[in-house]
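Below is one structure, written out as structure tokens; the observations come after it.
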Amino acid sequence: MISKNNNSVLYFDGCNTIDLANKYGTPLYVFSENVIISRCKEIRESFLNKYKNTKAVYACKAFLSLAMCKIIEREGLGLDVVSGGELYTAIKANFPADKIEFNGNNKSQSELEMAIDYGVGRIIVDNCYELNLLETICKSKNKSAKILFRITPGVKIDTHKYITTGNKDSKFGIPLNENIIYPAIEKAINSKYIEFMGFHFHIGSQLHDNISHLAALDASLSLVKYTKEKHNYTVNELNLGGGFGIKYTNDDEPKSLSYFIDPIMNKINDFCGKNHIDDMHVIIEPGRWIAGEAGITLYTVGSIKTIPNIRTYVAIDGGMTDNIRPALYQAKYDAVIANKLDSKTYKTVTICGKCCESGDILIHDLKTPEISPGDILAVFSTGAYGYSMANNYNSNVIPAVVLVKDGKDEVIVKRQSYDDMLRNNIIPDRLNF
Ligand code: LLP
């Protein structure tokens, strides 16, 4: 999807990135629809069509917009939402209710009510408080909810600690302590308003090996077995979360989806054979893996400052407001000067943003051709958790999102205006002098 033309300009899904920067301004998020389509195709080929009783839901926290909901629905995936706002977006896009799963460690009463009213397919219950709240809500509406329990499987993973979610000491999920999980299982089985379907885990993000998924799966299967033996109740749904790693820089060597899926499915099939369970349903919930490499961000270079014998700072017109990941997780990115693809590498620079924070560094030690103000920097693999974590720090506006496909470009999210930013500001009368 990434290519260059004879004038050494970067093309993305058939679109000239310099033309995009001129047409829409920068910073600009650009998403390739064809990359999203090819990721969904791989999910269908290596999972949905290969194994029966499988479902994939896109964790839309990675990147959400109305148009993205439409693409995900068209490509045959469901949607994982984690807030009233994400659910509202899905509803506004007419996303089919039964294909929505609702995650989150502190869903409010009104969020749960919204989910029950819309009829979402699954509620992933994160704790015992939520189980009680959900039961009360369902009772008052005389409705029932299909639930999975999110468990904390207690596995360690090799990723940044802020995106680790499955270790014992985590705010997410129900601990595997028999005084906590066993009564919850019993309550769910006995409740008139709860349909207890199975277990869910999500152990963390940007993983390049499958060991932790397999360990978490063992923990979930033990609970399936316990539930069957103790209560004579067979749950037949397992949601394995997301977390599959992508390529940000040449240091990342992401594995295929099959590398994760095949051993997982073998283990589940073995278990089901031994325990006489014949219709286990398996769900995956990838976010980054679908959206990450589908997005790039275009910036315009502004001030360039060389501190002799120290470094050259190249400032761009965005930064931690449109991509907070380097500041938050020390995330690494690769980038090029989109209008100088053929130039020779000649120096190492540091790309910094325009926020009033010394930590607003997008890329340390990037090798680039000679850069001048006005050049366009294209940062790769910014599709996941860039736009969705964007913020208005220093009252910078949130950039537009453009969808490109086969040489055509369309705005799917307009650039925020200064007035958009001030829309909810009020001056009380007494201060209106
Ligand atoms: N399912 C659940 C329940 C999750 O909590 C998450 C991510 C996912 C699925 C999707 O994970 P993925 O496939 O995208 O790794 N802001 C961080 C990532 C936080 C992820 C939180 N949960 C980042 O920028 O790396």
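The listed residues TYR313, TYR299 rank as TYR313, TYR299 when sorted by accessible area, largest first, using a 1.4 Å probe.
Taking every C-alpha pair closer than 8 Å and separated by at least 6 residues, the mean separation divided by the residue count of the chain gives a relative contact order of 19 percent.
Using a probe of 1.4 Å on the protein chains alone, the accessible area found for THR300 is around 40 Å². Remark on TYR385: its backbone amide H falls under 5 Å from those of PHE63, a criterion applied only to residues 5 or more positions apart or on other chains, H modelled at 1.01 Å from N.
Computed on protein heavy atoms with a 1.4 Å probe, the accessible areas place MET114, MET1 in the order MET1, MET114, largest first. By the helix-only formula, in which each DSSP H run with n ≥ 4 contributes -39500 (n - 2.57) and the sum is divided by residues, the chain has a 222 nm mean residue ellipticity of -9000 deg cm²/dmol. For a label point 7 Å from the Cα of SER372 along Cα→C-beta, name the residues of the stretch 296-319 whose backbone N is under 19 Å from it. Flagged as within label range: 299-306, 313-317. Using the Cβ-Cβ distance between TYR118 and GLU357 with R0 set to 41 Å, the FRET efficiency works out to roughly 0.55.
Restricting to the chain, what percent of DSSP beta bridges are antiparallel, rounded to 5?
Once the DSSP bridges in the chain are tallied, antiparallel ones form about 45 percent.
Within the same chain, aspartates and glutamates fewer than 8 places from LYS225 are excluded, and of the rest, those with a Cα less than 16 Å from its Cα are GLU178, GLU186, GLU237, ASP270, ASP278, ASP279. Computed from point charges on the beta carbon alone (+1 for Lys and Arg, -1 for Asp and Glu), the dipole magnitude for the stretch 33-291 about its Cα centre is near 320 Debye.
Computed from the Cβ-Cβ distance with R0 of 22 Å, the FRET efficiency linking SER38 to ARG74 stands at 0.95. Computed from the Kirkwood radius of its Cα pairs, the Stokes-Einstein diffusion coefficient for the chain at 37 °C and 0.692 mPa s stands at 142 µm²/s. Within straight-line reach of LYS367, meaning a Cα separation under 25 Å, sit the following lysines at least 8 residues removed in sequence or on another chain: LYS4, LYS247, LYS305, LYS332, LYS340, LYS344, LYS347, LYS354. Springs between alpha-carbon atoms under 10 Å, Gaussian network over the chain: tell me which of GLU293, GLU101, GLU229 tops the mean-square fluctuations. Highest fluctuation of the listed residues: GLU229. Rolling a 1.4 Å probe over the heavy atoms of the protein chains gives the chain an accessible area of 45 Å² per residue.
Would you mind computing Rg(Cα) / (2.2 N^0.38 Å) for the stretch 207-348, counting N as its residues? Mind showing how you got there, number by number?
Values: Rg = 23.0 Å, N = 142, 2.2 N^0.38 = 14.5 Å.
Expressed relative to 2.2 N^0.38 Å, the Cα Rg reads 1.59.
Among the listed pairs LYS168/LYS267; LYS50/LYS274; LYS171/LYS255; LYS107/LYS146; LYS139/LYS187; LYS61/LYS255, which are separated by more than 19 Å between their Cα atoms?
Flagged as over cut-off: LYS168/LYS267; LYS50/LYS274; LYS171/LYS255; LYS61/LYS255.
With a 1.4 Å probe and all protein chains left in place, how much of the accessible area of the chain comes from carbon and sulfur atoms, in whole percent?
Summing carbon and sulfur atoms, their accessible area is 48 percent of the total for the chain.
Solvent-accessible area of HIS202, all protein chains in place: 40 Å² (probe radius 1.4 Å, heavy atoms, ligands and nucleic acids excluded).
Residue by residue, the stretch 323-335 carries 3J(HN,Hα) couplings of 8, 8, 4, x, 6, 8, 10, 6, 5, 9, 10, 10, 8 Hz when phi is fed to the Karplus relation 6.51 cos²θ - 1.76 cosθ + 1.60 (θ = phi - 60°); x denotes Gly or Pro. State whether the stretch 81-129 is rounded, prolate or oblate according to the following rule on the C-alpha gyration tensor (a ≥ b ≥ c being the square roots of its eigenvalues): a/c under 1.5 gives rounded; otherwise a/b larger than b/c gives prolate, and the remaining case gives oblate. Prolate, since a/c reaches 1.5 and a/b exceeds b/c.
The values are calculated or read from the model by the stated rules, or taken from the named source; none is laboratory data. Everything numeric here is computed off the predicted structure, so don't read it as measured data. All Cβ positions, even for glycine, are placed from backbone atoms using ideal geometry, and neighbour counts span all protein chains on display. Only protein heavy atoms, including side chains, enter the accessible area calculation; ligands, DNA and RNA are left aside. Shrake-Rupley method; radii C 1.70, N 1.55, O 1.52, S 1.80 Å.
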